[in-house]
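Q: This is the structure I want to talk about, given as structure tokens.
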2 protein chains.
Amino acid sequence: MYELFFEHFTKKVALTKEEEQQIQTYLTPKKLRKKQYLLQEGDVCKAIAFVEKGVLRQYSVDEAGNEHILQFALEGWLISDLYSFLTGEPASYHIDALEDSELVLISQTAHEQLLTNVPKYETFTRLTITGAYIAMQRRLTSIISLPVEERYMGLTSLYPDIVQRVPQHMIASYMGLTPETLSRIRRRLSSQ
Amino acid sequence: MYELFFEHFTKKVALTKEEEQQIQTYLTPKKLRKKQYLLQEGDVCKAIAFVEKGVLRQYSVDEAGNEHILQFALEGWLISDLYSFLTGEPASYHIDALEDSELVLISQTAHEQLLTNVPKYETFTRLTITGAYIAMQRRLTSIISLPVEERYMGLTSLYPDIVQRVPQHMIASYMGLTPETLSRIRRRLSSQ
DNA sequence: CCGTTTCATTGATTTAAATCAATGCTTTTT
DNA sequence: AAAAAGCATTGATTTAAATCAATGAAACGG
């Protein structure tokens, strides 16, 4: 338990055994069945979740009822509605499991106490969010500057596991396309 | 000099006069004329820039030579090619001034030393990047889920100063549209 | 101050994606 | 095992945006 979490943590910031023990007391394991919600829009986001096993998605639903996937999270990724988590405001996203999943949760109070009691946790947080920020900037750049075909190819080469494990219509949603359009793009790409 | 920088800093993390003095020694002022580059694609990004006065833009150029604006930075904003700054890899973005501007620069070595010598700088950094991350997530959500009209209205209400000070075709580029399309959207919106 | 560039707008046309609709296949559920 | 639900694909049609082209206005630089 928590193996993957600490593996990722120590890849960013080295920890002594004692620090690892200390941090562990702030963590809570949680299992989620496929289709189960971790968070629903309107509720306050109570935790940052680290994925030990499985896949989650974060998405919003528009007035027409269409889902728009903002993010997937596989093993080793963190997922949360950060704004809601940090401010206590109602969440604007849903988060649910696409497969049976195992999570490590960091609650709001745990987060605050970790920040004050474990300096390395702040460093971990800073580095993690920085990496996520850079990745998202790249994604945004590709959205506003690349043709869809190249965006799809980029996705498959950067995150082949996502493309494999997630239904295609959700990939389409993540890319801001309809399932039909993505299907046709794939056909065009494979016939070349 | 540095007034706005410390105003923004202390809004996130309170500082004593001594700490402020100490941090100041790591900062460098820089002026940029309109159209001047702060960074060119391929160069290594040597600094994080805080805008004391003026407007900058960060953009990439595709094979066809089209510019795609990723971000604007007005007074009080930070701008940089973070990936290049942190890794020393060549930058994938250009950054230049849209008006005569005054900046506060934090060099790579200054950044590292501040992180180790001034704990509050790490907190400032973490909070800043977290805010930027949340803002970008919102932008991404609106791109994949809202019709362009609403995206433009959202932009004008959230950042009226950007829409006022920046040429319209650059707003179009920021939105991933052609200038003609944005012009027509504006007409549709104004005629209602 | 005048010529040049930059910029926004508008129209006509082409191109790309969304929508509507139907089908067959696979996976769940009962 | 059978029924239902979820999913990917394909075709026909509509809709939205890009492209091409031209014009007038504003800003800018020498």
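The values are calculated or read from the model by the stated rules, or taken from the named source; none is laboratory data. If you're wondering where the values come from, they're calculated on a predicted model, not measured in any experiment. With ideal geometry, Cβ positions are generated from the backbone for all residues, glycine too; neighbour counts draw on all protein chains shown.
Q: Against the definition (within 13 Å of chain B (Cβ to nearest Cβ) and not β-branched (Val, Ile, Thr)), how does A:SER80 come out, yes or no?
A: Details: within 13 Å of chain B (Cβ to nearest Cβ): yes; not β-branched (Val, Ile, Thr): yes.
Yes; evaluated as a whole, the condition is true for this residue.
Conditions tested, residue by residue: (1) modelled with pLDDT of 95 or more; (2) surrounded by fewer than 19 Cβ atoms within 10 Å (Cβ to Cβ); (3) touching a Lys or Arg at 6+ places or on another chain (Cβ under 6 Å).
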residue	(1), (2), (3)
A:MET1	no, yes, no
A:GLU7	yes, yes, no
A:LEU39	yes, no, no
A:ASP43	yes, yes, no
A:ILE48	yes, no, no
A:VAL51	yes, no, no
A:GLY76	yes, yes, no
A:ILE79	yes, no, no
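Q: Further, regarding this structure: So which residues in region B:33-55 are away from chain A (no Cβ under 13 Å), assigned to a strand (DSSP E or B) and more than 16 Å from DNA strand D (Cβ to nearest atom), if there are any at all?
A: B:LEU38, B:LEU39, B:VAL44, B:ALA47, B:ALA49, B:PHE50, B:VAL51, B:GLU52, B:LYS53
Q: Is it the case that some residue within region B:142-157 is within 9 Å of chain A (Cβ to nearest Cβ), among the polar types (S, T, N, Q) and out of contact with any helix residue (DSSP H, G or I) (no Cβ under 6 Å at 6 or more places or on another chain)? Even if it seems obvious, please write down each step before you answer.
A: So in region B:142-157, the residues within 9 Å of chain A (Cβ to nearest Cβ) come out as B:143-146.
Next cut, among the polar types (S, T, N, Q) only: B:145.
Still in the list and also out of contact with any helix residue (DSSP H, G or I) (no Cβ under 6 Å at 6 or more places or on another chain): B:145.
There is at least one residue in region B:142-157 that is within 9 Å of chain A (Cβ to nearest Cβ), among the polar types (S, T, N, Q) and out of contact with any helix residue (DSSP H, G or I) (no Cβ under 6 Å at 6 or more places or on another chain).
Q: I need a count of the residues in region B:112-127 that are more than 7 Å from chain A (Cβ to nearest Cβ) and surrounded by 19 or more Cβ atoms within 10 Å (Cβ to Cβ).
A: 3
Q: Within region A:154-172, is even one residue surrounded by 19 or more Cβ atoms within 10 Å (Cβ to Cβ) and modelled with pLDDT under 95?
A: no
Q: Take B:GLU67 and decide whether it is touching a residue at least 24 places away in the same chain (Cβ under 8 Å) and of a type outside the set (Lys, Arg).
A: Details: touching a residue at least 24 places away in the same chain (Cβ under 8 Å): yes; of a type outside the set (Lys, Arg): yes.
So B:GLU67 passes the test.
Q: Run A:LEU70 past the list (1) at pLDDT 95 or above; (2) outside the structural domain of A:ARG165 (by TED's automatic domain parsing); (3) more than 16 Å from B:ARG126 (Cα to Cα); (4) part of a helix (DSSP H, G or I) and report the number of the one that doesn't hold.
A: Every condition holds for A:LEU70 apart from (4).
Q: Surrounded by fewer than 17 Cβ atoms within 10 Å (Cβ to Cβ) and within 12 Å of chain B (Cβ to nearest Cβ): does that describe A:ARG186?
A: no
Q: Kindly indicate whether B:THR181 is surrounded by fewer than 20 Cβ atoms within 10 Å (Cβ to Cβ) and either of a type in the set (Lys, Arg) or closer than 29 Å to B:ARG33 by Cα (or both). Give the steps one after another, and end with the answer.
A: Details: surrounded by fewer than 20 Cβ atoms within 10 Å (Cβ to Cβ): yes; either of a type in the set (Lys, Arg) or closer than 29 Å to B:ARG33 by Cα (or both): no.
Criteria not met by B:THR181.
Q: Inside region B:87-179, counting only helices (runs of 4 or more DSSP H) that do not spill past its ends, which hold 1 or more residues that are within 16 Å of DNA strand C (Cβ to nearest atom) and within 30 Å of A:VAL148 (Cα to Cα)?
A: Details: elements: B:108-117, B:119-145, B:148-158, B:160-165, B:168-175.
Of the helices (runs of 4 or more DSSP H) lying wholly inside region B:87-179, those with at least 1 residues that are within 16 Å of DNA strand C (Cβ to nearest atom) and within 30 Å of A:VAL148 (Cα to Cα) span B:119-145, B:148-158, B:160-165, B:168-175.
Q: Report, by residue number, each residue of region A:54-66 that is touching a strand residue (DSSP E or B) at 6+ places or on another chain (Cβ under 9 Å) and exposed (fewer than 15 other Cβ atoms within 10 Å of the Cβ).
A: A:VAL61, A:ASP62
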